[in-house]
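Input: a single structure, listed below in structure tokens.
The values are calculated or read from the model by the stated rules, or taken from the named source; none is laboratory data. All figures in this text were calculated on a predicted structure; none of them were measured in a lab. Cβ atoms come from the backbone with ideal geometry, glycine included; neighbour counts cover every protein chain shown. Accessible surface areas use protein heavy atoms only, side chains included; no ligands, DNA or RNA. Shrake-Rupley method; radii C 1.70, N 1.55, O 1.52, S 1.80 Å.
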Amino acid sequence: MNTYAIRVIYKYEMLRAWETLAQSFASPVISTVLYFVVFGSAIGTRIETVEGVGYGTFLVPGLMMLALLTQSIANASFGIFFPKFTGTIYEVMSAPISIVEILIGYVGAAATKSFIIGLIILGTAGFFVPLHIAHPVWMIGFLILTCISFSLFGFIIGLWATDFEKLQLIPMLVITPMVFLGGSFYSIDMLPPAWQTATLFNPVVYLISGFRWSFFEVADVSVELSLALVLAFLSICLVIVWWMFKTGYRLKQ
Amino acid sequence: MQPIVSISNLSKTYSNGFQALKNVNLDIQSGEILALLGPNGAGKTTLISIICGIVNASTGSVIVGGHDIIADYRITRSMIGLVPQELTLGAFDTVWNTLCFSRGLFGKIPDPAFLEKLLKDLSLWDKKKSMLMFLSGGMKRRVLIGKALAHEPVVLFLDEPTAGVDVELRKDMWALVQRLRESGVTIILTTHYIEEAEAIADRVGIINHGELLLVDDKHALMHKLGKRQLIVELEKKISDLPKALTEWTLDLSSDGSRLTYTYDPLKIKTGIDGLLQAIREADLLIKDVHTKKTSLEEIFVSLVNTKK
């Protein structure tokens with residue numbers, strides 16, 4: 001295994017985040033804090049509890065997922081799209097490095113950044129609401145799995161995108177609405193029955209539900225199903241990335 | 001001796017149907033400088049890109065250092081360095097960081113002493129902390145060479161290394177290429193500039209429309225295909241060739257002041273003596289006489305036009 005290559009790619013990507021500290025870390029944390037202020041403090045005071053949990057506290061897993069999903073995708077897609085855009089990708093393509101090593105470097109760095117953001121948001125939330133994590137190991141497990149899965153998904157978007165517009169297309173038009181409609185701010189039990197059924201077709205619901213269960217032991221759908229769906233999503237992403245590299249899709253002619 | 005790079009029946013057809021390479025066969029010997037000459041779209045970059053792993057071949061195979069570039073890609077790629085045609089560099093990296101990145105990417109253990117020597121050889125040591133975006137075009141070109149050499153390759157591909165650079169830098173680049181060859185690196189360069197091939201290459205390959213028209217020793221090529229020209233400057237201008245000279249294959253310049261006679265220097269009888277006598281007998285006064293050797297450029301143009 002070309003461990004030096006993994007190291008330099010990982011280090012390069014982490015360094016990029018470090019050099020753009022405000023954009024990489026401060027921005028998503030500030031956005032999430034604003035959600036706490038608006039939804040938790042302003043609106044939340046009019047909602048007593050959701051499924052036995054204070055509304056402000058109930059929001060924490062959903063908001064973490066909102067930030068994790070968007071940041072994982074943004075970090076990973078930009079990480080691979082930018083070398084493609086500038087042409088520097090030729091160096092990676094001509095290096096003695098395998099698909100797995102490329103993924104560990106790029107996706108690993110993007111997932112690490114998202115994981116750090118998740119932890120910062122969790123720590124920040126502690127200043128606003130009382131926090132209790134029922135299953136911390138599961139919480140970390142879901143966190144890591146989500147960071148890796150969606151970084152991988154972002155990597156696919158970065159490989160697929162041919163311009164900056166396409167790079168933003170799926171995150172803005174697909175992912176963000178899915179996260180907002182996936183129970184980030186509410187329990188799906190609060191929706192009318194027809195919408196509850198419709199919401200079950202949104203895969204993000206399972207993700208947020210599983211993650212929320214690790215905090216409060218309450219879930220909209222079963223934890224096993226949540227975990228299975230996240231793993232299935234991860235597997236699909238791996239297959240797509242493998243196919244992209246195997247065929248050279250948008251990389252090699 | 002086993003060639004360091006061996007290309008067999010290599011063809012490439014892009015998805016839009018364009019056939020960039022047609023059954024190319026080529027052996028490159030260790031330690032030589034091979035110049036691939038060809039017009040835009042001839043297939044030079046495609047050929048290099050396939051060997052380096054950036055483009056997939058449609059058919060054929062490439063062996064580098066005795067290893068197949070697909071099956072043993074880790075070995076072959078670690079032997080190859082590539083300097084691309086475009087100045088493709090990350091704007092926000094420093095010179096030092098980008099070289100460290102390149103070395104690591106190719107699986108080499110960090111070696112600051114080697115990179116320091118490399119930067120000094122490239123006259124970039126004082127720029128090691130500079131951001132790439134602030135470097136001049138010539139410096140960026142040298143950084144790209146540094147990146148390609150950072151993992152100590154034995155084969156270096158230079159894709160039009162002097163395109164768009166000034167004469168002074170071009171000469172510097174040629175000197176650098178010579179130094180690299182002396183250190184044992186095999187160099188394959190593509191170029192539009194005939195003078196570049198003439199100045200630094202050992203062998204010249206001419207490629208056009210995806211076909212490798214010929215590969216030969218530079219001097220042998222010029223000797224085999226090079227013609228000489230005898231140019232006779234006349235004292236007085238003439239409008240037509242005198243009858244006595246019509247049996248000679250002569251070109252009269254448009255202003256009527258110069259006769260050009262093309263001959264084969266390898267022939268025992270070149271006809272020069274007879275021609276000069278015929279000119280005198282035609283009562284033409286000779287102002288000056290000189291000969292000119294056909295340049296590689298003229299050979300190239302002639303070959304490319306013949307094969308069209």
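Taking a 1.4 Å probe, which of B:ASP159, B:ASP126, B:ASP288, A:ASP189 shows the most accessible area, and what order do the others take after it?
From most accessible down to least: B:ASP126, A:ASP189, B:ASP288, B:ASP159.
For chain B, the longest principal axis of the alpha carbon atoms and the long axis of helix B:272-281 meet at an angle near 40°. Comparing B:PRO110, B:PRO153, B:PRO161 in a Gaussian network model of chain B (Cα springs below 10 Å), the most mobile by mean-square fluctuation is B:PRO110.
Across peptide A:84-91, the average count of Cβ atoms from other chains found within 10 Å of a residue's Cβ is 6.
Peptide B:104-112 has a mean of 6 when you count, residue by residue, the C-beta atoms of other protein chains within 10 Å of its C-beta. The distance between label points at A:LEU21 and B:ASP68 comes to 5.2 nm (points 7 Å beyond Cα on the Cα→Cβ vector). Projected over every direction and averaged, the convex hull enclosing the alpha-carbon atoms of the stretch B:226-295 yields 4.6 nm². What share of the DSSP beta bridges in the protein assembly as shown is antiparallel, in percent to the nearest 5? Around 70 percent antiparallel, to the nearest 5.
Each residue was assigned an accessible area with a 1.4 Å probe, and for B:VAL301 the value is about 70 Å². One chain, two ends: B:LEU214 and B:ASP27. Fully extended at 0.36 nm per residue, the span grows by 66.1 nm beyond their Cα-Cα distance.
Kindly rank B:247-257, B:42-52 from highest to lowest mean number of other beta carbons found within 10 Å of each residue. All intermediate terms of the calculation are to be shown ahead of the outcome.
Values: B:247-257: 12.5, B:42-52: 25.2.
Order by mean packing, descending: B:42-52, B:247-257.
A:LYS84 contributes about 40 Å² of solvent-accessible surface, heavy atoms of the protein only, 1.4 Å probe. Taking each DSSP H run with n ≥ 4 as -39500 (n - 2.57) and averaging over every residue of the protein assembly as shown yields -16000 deg cm²/dmol at 222 nm.
What dipole magnitude, in Debye to the nearest 20, does chain A give about its Cα centre under +1 on Lys/Arg Cβ and -1 on Asp/Glu Cβ?
With only Lys, Arg, Asp and Glu charged at Cβ, the dipole is about 660 debye.
Helix B:296-307 axis versus longest C-alpha principal axis of chain B: approximately 90°, rounded to the nearest ten. Heavy-atom accessible surface of A:PHE36, to the nearest 10 Å², is about 10 Å², with a 1.4 Å probe and all protein chains retained. Largest mean-square fluctuation among B:ARG258, B:ARG170, B:ARG142, in a Gaussian network model of chain B whose springs join Cα atoms under 10 Å apart, belongs to B:ARG258. The value of relative contact order for chain A, using C-alpha pairs under 8 Å at least six residues apart, is 25 percent. Projecting the Cα atoms of B:LEU180, B:LEU132, B:ILE48 onto the charge dipole of the stretch B:5-223 (Cβ charges, centred on the Cα centre) puts B:LEU132 farthest toward the positive pole. Rounded to the nearest 20 debye, the dipole magnitude of chain B is 540 debye, with +1 charges on Lys and Arg beta carbons, -1 on Asp and Glu beta carbons, and the Cα centre as origin.
Averaged over the residues of B:51-61, the number of partner chain Cβ atoms lying within 10 Å of the residue Cβ comes to 3. Check every DSSP H run in chain A and write down those whose alpha carbon atoms cover 27 angstrom or more along the long axis and whose mean Kyte-Doolittle hydropathy is 0.0 or greater. Passing helices, by number: A:55-86, A:99-128, A:136-160, A:223-247.
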